[in-house]
Amino acid sequence: FEKAYQDELDGKPVDFEQVFKDAFGEQNNMFNNAWGDAMNSTPVSQQPYEMQTDNPYKDNPDAFEIGMEHFKKGELKQAVLAFESVIEEDVTHAEAWRMLGVTHQESDQDRQAIQCLEQAVEQDPYNLDALLGLGVSYVNELDQSRALKNLKAWVNNNPKFQGVQVEQDIYGDGSTDLMHDVMMLMTKVEEFAPNDPHVQQVLGVLFNVSRDYERAVKAFRSALNHRPDDYSLWNKLGATLANSNHSDEALPIYTRALELKPRYARGWLNFGISHSNLGDYKKAIRAYLRALDLNPEATHIWNYLRICLTCLEGYSHLIPEVEAKNLDAFRAAFDF
């Protein structure tokens, strides 16, 4: 994109739509190789979480409840501050760690989410929501092995499924065998509780790990039959459809998630990606801007925005504003 943009400035003809397609083709290849690469890097869980300074909720005895209110309203920056205040007062507060992690997930910041959710599980190994959240974030970070280990722990630490076991392969080693182990375990769990929406949600995440998107879609739809107002489930279903090259089907799913929670930064980002996949760059830009408006910390979204601007005729003059991360410069041209 740097070369294409410079060529345009130099007056050379540039087919930005083809550049866009080539870039995403390269991105898909990178994605396919990233599972193994992720395992060679320093685990994000071993990196310390950095608390913000000058917290307005410091020493507030109601900080956790305040954080929950901000979270429900989609006021994520304030929610983060409130939950951090709770933890600074009591580092063993597992639920504050979990909610801080969930808040970062909704802000599309999975690395910070992992750091927090790992702390939640360290304080409370039976925090099932934290274990499932870790599975989801590790999938997003392309860490297949750790995703599977946390999904397995979700079953093993769940009192409903005590005694559910599968035979271990003593000769197996690595994530491929772990995949088989967890898949067999979840098959047993599903037989035990076929209508449990939490089981179906875990299956949906697991099938995303194995890239069996058809079964993942089926699992998430089954979970939604029991939890139709769960915006995060709608988002997971939409993401699964988009990952399986059905962005057109994902759009109404994301729409439903955003109807349930309009201030849902991750939902707006995913909504934009599907519009972009379908070549509707103007709607994609509007969604990206909405996500940035909700969470300015998600600076990676500017890269998505820049790609769309290069593909949309008549808007190249806004590209320098992307470099400057000047959100206000876009308000006149786009309603967000």
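The values are calculated or read from the model by the stated rules, or taken from the named source; none is laboratory data. Note that this is a predicted model, so its numbers are computed, not measured. Reconstructed Cβ throughout: ideal geometry from the backbone, glycine too, with neighbour counts over all protein chains shown. These accessible areas exclude ligands, DNA and RNA; they are computed on the full protein's heavy atoms, side chains included. Shrake-Rupley method; radii C 1.70, N 1.55, O 1.52, S 1.80 Å.
Observations
- Within region 217-247, considering residues that are among the charged types (D, E, K, R) and touching a Leu at 6+ places or on another chain (Cβ under 9 Å), the one most open to solvent (accessible area, probe 1.4 Å): 218
- Test for residue 174: is it modelled with pLDDT under 90 and either of a type in the set (S, T, N, Q) or open to solvent by less than 60 Å² (accessible area, probe 1.4 Å) (or both): yes
- Within region 119-135, the set of residues being surrounded by fewer than 22 Cβ atoms within 10 Å (Cβ to Cβ) and assigned to a helix (DSSP H, G or I) comprises 122, 123, 128, 129, 132.
- Scanning region 181-203 for residues that are within 14 Å of residue 163 (Cα to Cα), among the acidic types (Asp, Glu) and touching a Lys or Arg at 6+ places or on another chain (Cβ under 9 Å) yields a total of 0.
- Some residue of region 248-265 being at pLDDT 95 or above, hydroxyl-bearing (Ser, Thr, Tyr), over 22 Å from residue 133 (Cα atoms) and surrounded by fewer than 20 Cβ atoms within 10 Å (Cβ to Cβ): yes
- Some residue of region 313-329 being of a type in the set (S, T, N, Q) and surrounded by 17 or more Cβ atoms within 10 Å (Cβ to Cβ): no
Yes/no matrix, rows are residues, columns are (1) modelled with pLDDT under 95; (2) under 20 Å from residue 222 (Cα atoms):
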{"residue": "133", "(1), (2)": "no, yes"}
{"residue": "141", "(1), (2)": "yes, no"}
{"residue": "151", "(1), (2)": "yes, yes"}
{"residue": "186", "(1), (2)": "yes, yes"}
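- Hits in region 88-104 (condition: crowded, with 22+ Cβ neighbours inside 10 Å and either touching a residue at least 60 places away in the same chain (Cβ under 8 Å) or closer than 16 Å to residue 60 by Cβ (or both)): 96, 99, 100
- If the condition is being open to solvent by less than 10 Å² (accessible area, probe 1.4 Å) and at pLDDT 95 or above, then region 205-216 contributes only 216.
- Of all residues in region 143-163, those satisfying the criterion of being open to solvent by 30 Å² or more (accessible area, probe 1.4 Å) and part of a loop (DSSP other than H, G, I, E, B) are 157, 162, 163.
- For region 52-75, filtering for residues that are among the hydroxyl-bearing types (Ser, Thr, Tyr) and either crowded, with 16+ Cβ neighbours inside 10 Å or modelled with pLDDT of 95 or more (or both) leaves 1.
- Tally of residues being touching a helix residue (DSSP H, G or I) at 6+ places or on another chain (Cβ under 7 Å), over 23 Å from residue 60 (Cβ atoms) and charged (D, E, K, R) across region 105-123: 4
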